[in-house]
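Taking it in order: structure first as structure tokens, then the write-up.
Bear in mind these aren't lab numbers, they're just calculated from the coordinates by the rules spelled out. Nothing here was measured: the structure is a model prediction, and the numbers come from that model. Reconstructed Cβ throughout: ideal geometry from the backbone, glycine too, with neighbour counts over all protein chains shown.
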Amino acid sequence: MLIGEQGLSALSAASIVVLGVGGVGSYAAEALARAGVGRLRLVDGDVVDVSNINRQLHALDSTVGKAKVAVLADRFREINPQLRLEPIQEYYAPQQGQALLAGCDWVVDAVDTVAAKTDIVCSSLEAGQGVISCMGTGNKLDAALLRVDDISKTFNCPLARVFRRELGKKGIRRGVPVVWSPELPKIAEEVQSGPRTPASISFVPAVAGLLMASYVINKILQLKR
């Protein structure tokens, strides 16, 4: 057995919240569920859209229009009937942040906005919870460049740059693990000017989510060694 009975017990005792279950968060959540985590809270206010099908685990023609957290919860119950699931169809907002994070050992931040990310990290650190945050995966094609580092070591990532600035305003300049890539964002020729929505592909967000799950699982196991 790869992690032994002690490792299985540690994972079974763990309580984790995944904030945002889109392209990154859906893969992180499933990896945690399959690894044997005991309690999993899924937080996302969105429903599956046809535009999600290229990269989000729950997105199928048959699930379009359904709540993302509900689709994942049904899927995870088939994977592990003993998993204690809390699907919450809400977007993260600071005013209810404490309630959404309460009772969890680890916080997996896969939300989109820097304001929410900043509040999540600050709240988690203040509460003594483990936390990992995902930086930008849009407009990128080389999944092999994804890595886990301290936020202070990031570069070439527009989201990470703004995130560092906002954390700095709170007096936080290091000590926050993030999944990120140094790959320069690509810009499609037809949208090189004017407002742009980041484009995405199937495998980059997925790998980012799996790296987040790997980090959390290994940290939980290290505490029991």
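In the P(r) worked out for the chain, what percent of Cα pairs fall beyond 30 Å?
20 percent
Once the piece of chain linking Leu60 and Arg75 is laid out straight, how much longer is it, given 0.36 nm per residue of separation minus the C-alpha distance between them? Walk me through the intermediate numbers first.
On the way: separation 15, 0.36 × 15 = 5.40 nm, distance 1.25 nm.
Between Leu60 and Arg75, full extension yields 4.2 nm more.
State, as an integer percentage, the relative contact order of the chain based on alpha-carbon contacts under 8 Å between residues 6 or more apart.
24 percent
Between Ser152 and Leu184, 0.36 nm times their residue separation minus their Cα-Cα distance comes to what?
The Ser152-Leu184 span can extend by a further 9.8 nm.
Remind me, what semi-axes does region 92-181 give for its equivalent ellipsoid, largest first in whole Å, using sqrt of 5 times each Cα gyration tensor eigenvalue? Walk me through the numbers on the way to the answer.
Working: eigenvalues 95, 37, 30 Å².
Sorted largest first and rounded, they come to 22, 14, 12 Å.
Of all beta bridges DSSP finds with both residues in region 39-132, what is the antiparallel percent, to the nearest 5?
Beta bridges within region 39-132, antiparallel portion: roughly 10 percent.
Which percent, nearest 5, of DSSP beta bridges in region 105-225 are antiparallel? Present the calculation step by step, with values, prior to reporting the outcome.
Working: 4 of 10 bridges.
Antiparallel bridges: around 40 percent, rounded to the nearest 5.
What does the C-alpha gyration tensor say about the overall shape of region 1-126? Classify as rounded when a/c is under 1.5, otherwise prolate if a/b is larger than b/c, or oblate.
Verdict is oblate for region 1-126.
Using amide H atoms built in the peptide plane, which far-off residues or other-chain residues are under 5 Å from Val47 H to H?
Here the answer is Lys68, since their amide H atoms fall under 5 Å of that of Val47.
On average, how much area does the Cα convex hull of region 20-72 cover when viewed from any direction, in nm²?
Over all viewing directions, region 20-72 projects a mean Cα-hull area of 3.3 nm².
Give the percent of DSSP beta bridges with both residues in the chain that are antiparallel, rounded to the nearest 5.
20 percent
Pull out the extension gain between Ala144 and Leu8, defined as 0.36 nm times the separation in residues minus the alpha carbon to alpha carbon distance; nm, one decimal.
46.1 nm
How long are the semi-axes of the equivalent ellipsoid of region 42-106, defined as square roots of 5 times the Cα gyration tensor eigenvalues? Whole Å, largest first.
Computed over region 42-106, the values are 22, 17, 8 Å.
7 Å from Cα along Cα→Cβ at both Asp46 and Ala93: what's the point-to-point distance in nm?
Here the answer is 1.8 nm between the modelled labels.
Name the helices (complete DSSP H segments) of the chain with a Cα length along the long axis of 27 Å or more and a Kyte-Doolittle mean of at least 1.0, or state none.
Both cut-offs are met by 203-223.
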